[in-house]
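Encoded as structure tokens, the structure appears first; notes follow it.
The values are calculated or read from the model by the stated rules, or taken from the named source; none is laboratory data. All figures in this text were calculated on a predicted structure; none of them were measured in a lab. All Cβ positions, glycine included, derive from the backbone under ideal geometry; neighbour counts span all protein chains shown.
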Amino acid sequence: MNRDILLVVALITCGQPLLFAQVRVPYVGCKADGQAGPLDPPHGMEKTISAAPERAQQLSYYKAEQGFGVLGPRGWFCFEVYGSNGSSLYVSPAPINPDNLFSNKWSGFTGPVIELNSSDGDTSGRFGVAFIIARVFPAHRAFVRKVIKEGLEPENSFHYGPYPQDKLTYKNSELVEFQTPGHSNGMGTTSRIRKNADPIHGVAILVGPTPDLVHLSVRLPSDLNSLTSTIVHQIEQDTVIQQ
């Protein structure tokens, strides 16, 4: 028996068995840079995930010193930017130039990429949290009004209601999965990912009473699109564990 497969569960989908397992995937430490200076890649144990074994064999778990980790295709590159507002972890099939991430002149990632943002709701990250709440979390708009009352960010910076082209799937009032279609602005393009012909999938999750925000955007090559749902669902599981 493969030592990486701990438990296999068979589900029946359209008459065919779909096998899921508790599977170990490699841990990849990511370099980081930010408010307190450069940070070396952390060392960690293999990550145990629930996934179809054939998909798990294509995945690794990428983690920097700050924030959450994320699944991504095996053999990709990663880098994290962090500060008082939170952290942003990027995973890309090409090496990542940290200078670009700190530059206002760089337009962003144009191809396949995974971006995981963790924003702190009780620091300067509260503005980013409020921006996303206004878009997709109507039950929490009191937080937006509180931020606006501070007078540090104009009210017209916050746009209420979802992006017109986005497809949203709510799991509860604090968790929404999204799809931003190709050639469209939406939840998938709010940070360092530029729109192109391919869709962006992801999830936004409010965490804790503050609240904080976890915002994942995933755009994979067409031959790896089957990994997207596993990447998204793992973040959902990890945030539940840490609450």
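Quick check: anything in the range 183-191 touching a His at 6+ places or on another chain (Cβ under 6 Å), within 20 Å of Pro93 (Cα to Cα), touching a residue at least 24 places away in the same chain (Cβ under 8 Å) and of a type in the set (S, T, N, Q)?
Checking the range 183-191: not a single residue is touching a His at 6+ places or on another chain (Cβ under 6 Å), within 20 Å of Pro93 (Cα to Cα), touching a residue at least 24 places away in the same chain (Cβ under 8 Å) and of a type in the set (S, T, N, Q).
Of all residues in the range 207-243, which are in contact with a His (Cβ under 9 Å, 6 or more places away or on another chain) and charged (D, E, K, R)?
The one that is in contact with a His (Cβ under 9 Å, 6 or more places away or on another chain) and charged (D, E, K, R): Arg219.
Which condition number does Arg55 fail, the rest of (1) touching a Ser or Thr at 6+ places or on another chain (Cβ under 8 Å); (2) part of a helix (DSSP H, G or I); (3) of a type outside the set (A, V, I, L, M, F, W, C); (4) more than 19 Å from Pro221 (Cα to Cα) being met?
Result: Arg55 fails condition (4) only.
Inspect all residues belonging to the range 106-127 and state whether any of them is farther than 23 Å from Pro38 by Cα and in a helix (DSSP H, G or I).
Yes, the conditions are met somewhere in the range 106-127.
Report, by residue number, each residue of the range 168-216 that is closer than 15 Å to Gln237 by Cα and either crowded, with 23+ Cβ neighbours inside 10 Å or of a type in the set (A, V, I, L, M) (or both). Can you show your working first?
In the first step, residues of the range 168-216 are kept if they are closer than 15 Å to Gln237 by Cα; the result is 171-172, 174-177, 202-208, 213-216.
Residues satisfying the conditions are Leu175, Val176, Gly202, Val203, Ala204, Ile205, Leu206, Val207, Leu213, Val214, His215, Leu216.
Identify all residues within the range 37-47 that are among the aliphatic types (A, V, I, L, M) and either buried (at least 17 other Cβ atoms within 10 Å of the Cβ) or assigned to a strand (DSSP E or B) (or both); write none if there are none.
Hit for the range 37-47 is Leu39, nothing else.
Is there a residue being surrounded by 15 or more Cβ atoms within 10 Å (Cβ to Cβ) and at pLDDT 90 or above anywhere in the range 13-20?
Start the filter on the range 13-20 by keeping residues that are surrounded by 15 or more Cβ atoms within 10 Å (Cβ to Cβ), which leaves 20.
Add one more test, that the residue is at pLDDT 90 or above, and what stays is none.
No, because not a single residue in the range 13-20 is surrounded by 15 or more Cβ atoms within 10 Å (Cβ to Cβ) and at pLDDT 90 or above.
Yes/no matrix, rows are residues, columns are (1) among the charged types (D, E, K, R); (2) closer than 23 Å to Gly34 by Cβ; (3) part of a strand (DSSP E or B):
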| site | (1), (2), (3) |
| --- | --- |
| Ile49 | no, no, yes |
| Tyr61 | no, yes, yes |
| Val91 | no, yes, yes |
| Asn104 | no, yes, no |
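Restricting attention to the range 140-157, which residues are outside any loop (DSSP other than H, G, I, E, B) and exposed (fewer than 11 other Cβ atoms within 10 Å of the Cβ)? Lay out the reasoning, then the answer.
Filtering the range 140-157 for residues outside any loop (DSSP other than H, G, I, E, B) gives 140-149, 155-157.
Passing the criteria: Ala142, Lys149, Asn156.
Can you name the residue in the range 85-100 that is crowded, with 24+ Cβ neighbours inside 10 Å and touching a Cys at 6+ places or on another chain (Cβ under 9 Å) and, of all such residues, is nearest to Pro73 (Cα to Cα)?
Ranking the qualifying residues of the range 85-100, first place goes to Val91.
Could you list all residues from the range 193-239 that are of a type in the set (A, V, I, L, M, F, W, C), over 24 Å from Asp120 (Cα atoms) and either in contact (Cβ under 8 Å) with a residue 40 or more places away in the chain or assigned to a helix (DSSP H, G or I) (or both)?
Leu220, Leu224, Leu227 - these are the residues of the range 193-239 that are of a type in the set (A, V, I, L, M, F, W, C), over 24 Å from Asp120 (Cα atoms) and either in contact (Cβ under 8 Å) with a residue 40 or more places away in the chain or assigned to a helix (DSSP H, G or I) (or both).
List every residue pair whose Cβ atoms lie under 6 Å apart, where the two residues are 6 or more positions apart in sequence or sit on different chains, the first residue falls within the range 149-167 and is modelled with pLDDT under 95, and the second residue, located anywhere, is loosely packed, with under 10 Cβ neighbours inside 10 Å and among the aromatic types (Phe, Trp, Tyr).
Note: no pairs meet the criteria.
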